[in-house]
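Take a look at the structure set out below.
Read the figures in this text as sums done on the coordinates, not as results from a lab. Predicted model only: the values in this text are computed from it and were never measured. Cβ placement follows ideal geometry from the backbone for every residue including glycine, while neighbour counts extend to all protein chains displayed.
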Amino acid sequence: MPSRILIAGGGLAAQRAAETLRARGHDGAIQVICAEPVAPYDRPPLSKELVGTPFRPAEWYADNDVELLLGRRACALDVGARQVALDDGAVGYDALVIATGSRPRRLPALVGRPNVLELRTVADAERLRSALTPGARLAIVGGGFVGLEVAATARRLGADVTVIEAASAPLARVLGPSLGGWFAALHRAEGVRVEVGSGLEAALPAVAGAPVSALVLADGREIEADVVLSAVGVAPETRWLAGSPLAGDRVAVDPCGRTVVPGVWAAGDVVGGDHWEPAARLGAAVARSILGLDVGAAPPASFWSDQYGIRIQLVGSAGADVVEIDGSDRSFTAVLRRHGAVCGALLVGRPRELPTWRRRLADAATERKAA
Amino acid sequence: MTLLPRVDEYSCCGHGDCAAIAPHVFRVDEIAVVTGEGSDDVVLEAARACPAMAIEVVDEATGEPVDL
């Protein structure tokens, strides 16, 4: 059994790996490389409440002999020497968990502008919160879940909000045009300007390094702003793996989180997902795999979003070709079908239906396997 | 063997799957709380189904956690 376990990254997958290692009896060293200067925290509240919620009280780490290397960054991996180079020094390991998460994608037109923010860390959330004074004009580039949640939060704080989405509707690429249209209508009813169908072309003034005063879309529309949030998705944080056998745009793993390199596992956004449940589950699975324990099958994953006090949940997989909606405006179930078979459901204001749907999808998957 | 579930309040997200599987054992408002006892099978099923993996199951006789 490996004695020194090193976790590169300090998010959800890292936390769950550390907890499961201790809960399942690992008594050797656990070190966690946290790029941020704070103990691991939960990220969903960043866009919902503009705060990060610590996973555990501060003393948990000392009580469980989990060493946090705060404010340190993994810079390179040497699989031969079993060593991770940090920005200052290096750490050896017997088993390594790569959990460096993801980083926001950036649009060239918005790089280097002081009033363009992104939302990935608790420091980002603090900056955004302080910029959202009542009446501040916030332009959100990207109508995905993060952009929409921030729109709802910013409205609650009294900001004047515009969401810009290049597709025909927010979330249209994930949920299709009819559900995307529902999200557009919801946000418009709450006083958000929703500008769809045209991508960002430029930021004004056209002076490098100057604060943005307005955004120009490809079709000529212009949106004035005091602050801009760039929310156009994330990419796995794999840059530090350049030159190692795991270099690439994501780290490939098996269902236990094992990579192709002996002694190296990976979990969380870095393996190519960007949702909470799979990250939590794989973080725990990796710990079990390191300890030689069995890893159980995962139930169909769900994802949740909170907007204007409405709980929105997606269970199963999106990418439906047919959507059947049952219910009223702010409380409905959308059944997602692909090639005739139910592949998932979007629940709006119906949290108690989630377990039923998860079961239904699990049963359908079992039947498909048996067939 | 009698198995007792324990909900980790820091990990529970209030999904409600446990209460759907074992309504006599769990109640979910903001987060899940244990309100009663159930058969070992139903307790294990609920714990394994938790999407946040927030339920630990302990053998009442030994106090040891059970492998899920």
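At R0 = 51 Å, how high is the FRET efficiency between residue A:310 and residue A:254 if r is their beta carbon distance? Nearest 0.05 is fine.
0.85
When a/c reaches 1.5 or more, the comparison of a/b and b/c decides; with that in mind, is region A:1-119 rounded, prolate or oblate per its Cα gyration tensor?
Oblate.
Stick to Cα atoms and the Kirkwood definition of Rh, then tell me Rg/Rh for region A:62-149.
Using Cα coordinates only, the ratio equals 1.10.
Applying 1/(1 + (r/R0)^6) with R0 = 51 Å to the Cβ-Cβ distance of residue A:90 and residue A:326, what FRET efficiency is obtained, to the nearest 0.05?
Computed FRET efficiency for residue A:90 and residue A:326 comes out at 0.35.
How big is D for region A:120-183, in µm² s⁻¹ as a whole number, if Stokes-Einstein is applied with the Kirkwood radius of its Cα pairs at 37 °C and 0.692 mPa s?
267 µm²/s
From Cα coordinates alone, what are the radius of gyration and Dmax values for region A:254-371 in angstrom?
Computed over the Cα atoms of region A:254-371, radius of gyration and Dmax are 16.5, 53 Å.
Considering every pair of different Cα atoms, what Kirkwood radius, in Å, is found for region A:305-371?
Radius from the Kirkwood sum: 12.3 Å.
Given C-alpha coordinates of region A:179-235, what is the ratio Rg to Rh with the Kirkwood estimate of Rh?
1.01
For residue B:56, what is the net charge nearby, where nearby means another residue's Cβ is under 12 Å from its Cβ and Lys, Arg count +1, Asp, Glu -1?
Combined, the nearby Lys, Arg, Asp and Glu give -3.
When only Cα pairs under 8 Å and 6 or more residues apart are kept, what is the percent relative contact order across chain B?
Contact order relative to length: 40 percent.
Taking R0 as 25 Å, what's the FRET efficiency between residue A:208 and residue A:174 from their Cβ-Cβ distance, rounded to 0.05?
0.15
For region A:225-320, what number results from the quotient of the Cα radius of gyration and 2.2 N^0.38 Å?
Ratio of Rg to 2.2 N^0.38 Å for region A:225-320: 1.32.
Can you work out D for the protein assembly as shown in µm² s⁻¹ from Stokes-Einstein, where Rh is the Kirkwood radius over C-alpha pairs, the temperature is 10 °C and the viscosity is 1.306 mPa s?
69 µm²/s
Calculate how large, on average over all directions, the projected area of the Cα convex hull of region B:1-51 is; give the answer in nm² to one decimal.
3.0 nm²
With each label point set 7 Å from Cα along the Cα-Cβ vector, what nm distance links residue B:35 and residue A:51?
Here the modelled spin labels are 2.8 nm apart.
Picking from A:289, A:328, A:218, whose Cα lies most toward the positive end of the charge dipole for region A:193-331 (charges on Cβ: Lys, Arg +1; Asp, Glu -1)?
The residue sitting most towards the positive pole is A:289.
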